[in-house]
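Engineer: Got a structure here, written out as structure tokens. Questions coming.
The values are calculated or read from the model by the stated rules, or taken from the named source; none is laboratory data. If you're wondering where the values come from, they're calculated on a predicted model, not measured in any experiment. Reconstructed Cβ throughout: ideal geometry from the backbone, glycine too, with neighbour counts over all protein chains shown. Heavy atoms of the whole protein, side chains included, go into the accessibility calculation; ligands, DNA and RNA do not. Shrake-Rupley method; radii C 1.70, N 1.55, O 1.52, S 1.80 Å.
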Amino acid sequence: MTVGGGVPPGLDALLPSTAELYLDLHRHPELSGAEERTAARFAERLVADGFRVLTGVGGHGVAAELANGDGPAVLLRAELDALPVAEETGVPYASTATAPGPDGRPVPVMHACGHDAHLACAAAAARWLAAHRDRWRGTLLVVGQPAEETLSGARAMLEDGLYDRITAPDVVLAQHTAAFPAGMVAHADGPLMAGSVTMEVVFEGDGGHAATPHLTADPLLAAAGAVTRLPAVAARETDPAERLLVTASSLRAGDTGRTGNVIATRAELRVTVRALSEAALVRGTAAVERVVRAEAASAALPPRVTVRELARSGVTRPDPGVTTAVRAAHQAAFGAARVTGWPASSATEDFPLLTGAGGHLHGRPGIRGAYWMLGSVGPTQWAAAPGSGPAEKFRGLPHNHSPRYLPSVRLTLDTGTAALVTAALAQLDPAAR
Ligand SMILES: [Zn+2]
Ligand SMILES: [Zn+2]
């Protein structure tokens, strides 16, 4: 037995096939929107376990259903996509994969966010629940969602009719790996992750000679001014308790590359606004637009400004009732010492769209969601991390999206599978309802 005494029997036997799937997915990561092989592997497992399986939902999305009598419909959600990151973990199963980048040149690809672990755990939980239909009543749904990292896949699946093509869920469950001790899970009281808006700001002028800067608008100067002024939206206009974050994350400008004597015609700025409440998100987004337009307007020859919203995600705020039930199930399975709290983070997710928060897309505002964090750091990596206390070690460890992010295979998969199975049973087991 590698997990707690309250874990349903038979989960240990799943580990070899779960690890095989995980290692295969880890070696073959695919970028957001290109998850063809990953989706096929996930779907074939669910077909083998007797699910009715739809593929190609909103891109490479997979949706599976297993009806088992009267009861609620519970959806387990995992993500299919990986990141343009060059793996540096040094493990034998490290990814060496590349894929065409935005300009057609190959970029490295890595499962640096743990989505391969989420998929393997969801497939294993589905296998256990399919094999133990005597333990529950209701409908089990499993979704492999594409393009989470670009915050577009959940919307694409819903717009492709996800909840009309499978039974619409009553409850949606998901988990995410994070760099705290493997073997543990963590739940939040209140919001778990921030909502975000990603914006593209384009400054445009007519260009000109660097020797006559007074004759033309300068998009680069306006963009640079905006970059230095934007942090003040959070630092000077926002109650620190709101946890609003404004990040200018990329700036491209200049047309010639090599010469220094041409004034750019165009500067493109990407800005992300994050916050733990929708109201702060709305205010922050409006402030970004005000600042970039004001920077441009301050010039004698102002560049033209276009502001476009590229992506948006809501605040991940798990349902208190479902969370209480799932947390209690996890405490019973793992023991209270392995179930901890989680402070809200500024990371972001498109998971809320699959719950009632996406009611504008699917028309079902009553869908409740629970979401918890899954520890991924094995004992050796934890011991080797610099610092003495948990807070220092947490800072020193490689986190999600790092080229050195490395989940402990056995502990992460065992715990993640058991966490999903027990969470699903807390909704589907007639004795637990
Ligand atoms: Zn990620
Ligand atoms: Zn992720």
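Engineer: Mind checking which of T316, T340, T380 has the largest fluctuation in a GNM of the chain, springs on alpha carbons under 10 Å?
Structural biologist: Its mean-square fluctuation being the largest, the pick is T380.
Engineer: Return the long-range amide H neighbours of I367 (sequence gap of 5 or more, or a different chain), with a cut-off of under 5 Å between placed amide H atoms.
Structural biologist: G356
Engineer: If I model a spin label as a point 7 Å beyond the Cα along the Cα-Cβ vector, how far apart are those points for V47 and R236 in nm?
Structural biologist: Label-label distance for V47 and R236, simple model: 6.0 nm.
Engineer: Return the sequence-ordered ³J(HN,Hα) values of the stretch 24-32 in whole Hz as given by the Karplus equation 6.51 cos²θ - 1.76 cosθ + 1.60 applied to θ = phi - 60°, using x for Gly and Pro.
Structural biologist: 5, 5, 5, 6, 10, x, 9, 6, 3
Engineer: Report the net charge of residues surrounding L428, where surrounding means a beta-carbon distance below 13 angstrom and charges are Lys +1, Arg +1, Asp -1, Glu -1.
Structural biologist: For residues surrounding L428, the net value is 0.
Engineer: What does the net charge come to around E242 if you take all other residues with beta carbon closer than 14 Å to its beta carbon, with K and R at +1 and D and E at -1?
Structural biologist: Combined, the nearby Lys, Arg, Asp and Glu give +1.
Engineer: Using only Cα atoms and rounding to the nearest 10 degrees, what angle (0 to 90) does helix 219-229 make with the longest principal axis of the chain?
Structural biologist: Compared with the principal axis, the helix lies near 60 degrees.
Engineer: Under the Karplus relation 6.51 cos²θ - 1.76 cosθ + 1.60, θ = phi - 60°, what is the ordered set of whole-Hz ³J(HN,Hα) values for the stretch 310-325, x standing for Gly and Pro?
Structural biologist: Calculated HN-Hα couplings, in order: 9, 7, 8, 9, x, 5, 7, 10, x, 5, x, x, 5, 4, 4, 5 Hz.
Engineer: Also: Okay, helix-only estimate at 222 nm for the chain: each DSSP H run of n ≥ 4 adds -39500 (n - 2.57), divide by all residues, round to 500 deg cm²/dmol; what do you get?
Structural biologist: Values: 13 runs with 144 residues, N = 433.
-10000 deg cm²/dmol, from helical runs alone.
Engineer: Taking θ as phi - 60°, what are the ³J(HN,Hα) couplings along the stretch 284-295 by the Karplus curve (6.51, -1.76, 1.60), each to the nearest whole Hz, with x for Gly and Pro?
Structural biologist: Once θ is set to phi - 60°, the couplings for the stretch 284-295 become x, 5, 5, 5, 4, 4, 4, 5, 5, 5, 5, 4 Hz.
Engineer: Related question: Relative to the longest principal axis of the chain, what angle (0 to 90°, nearest 10) does the C-alpha long axis of helix 409-428 take?
Structural biologist: Once rounded, the angle reads 70 degrees.
Engineer: Sticking with this structure for a sec: Please list, ordered by chain and number, the residues whose modelled amide H lies under 5 Å from the amide H of S277; skip anything fewer than 5 residues away on the same chain.
Structural biologist: Result for S277 returns G195.
Engineer: To continue, here is another question. Any idea what angle helix 36-48 forms with the longest principal axis of the chain, computed on alpha-carbon atoms, 0 to 90 degrees, nearest 10?
Structural biologist: Here the helix axis deviates by roughly 20 degrees.
Engineer: Same structure, new question: Run the numbers on the chain and let me know its relative contact order in percent, using alpha-carbon pairs under 8 Å that are six or more apart.
Structural biologist: 24 percent
Engineer: Continuing with this model, one more query. Probe radius 1.4 Å, ligands and nucleic acids ignored: give me the carbon and sulfur share of the accessible area of the chain as a rounded percent.
Structural biologist: The nonpolar share, carbon plus sulfur, comes to 55 percent.
Engineer: Counting heavy atoms of the protein chains only and a 1.4 Å probe, report the per residue accessible area for the chain as a whole number of Å². Working shown, then result.
Structural biologist: Working: 17680 Å² over 433 residues.
Accessible area per residue, the chain: 41 Å².
Engineer: Mind telling me which of T324, T198, T228 comes out most flexible in a GNM of the chain, alpha-carbon contacts under 10 Å?
Structural biologist: Highest fluctuation among the options: T228.
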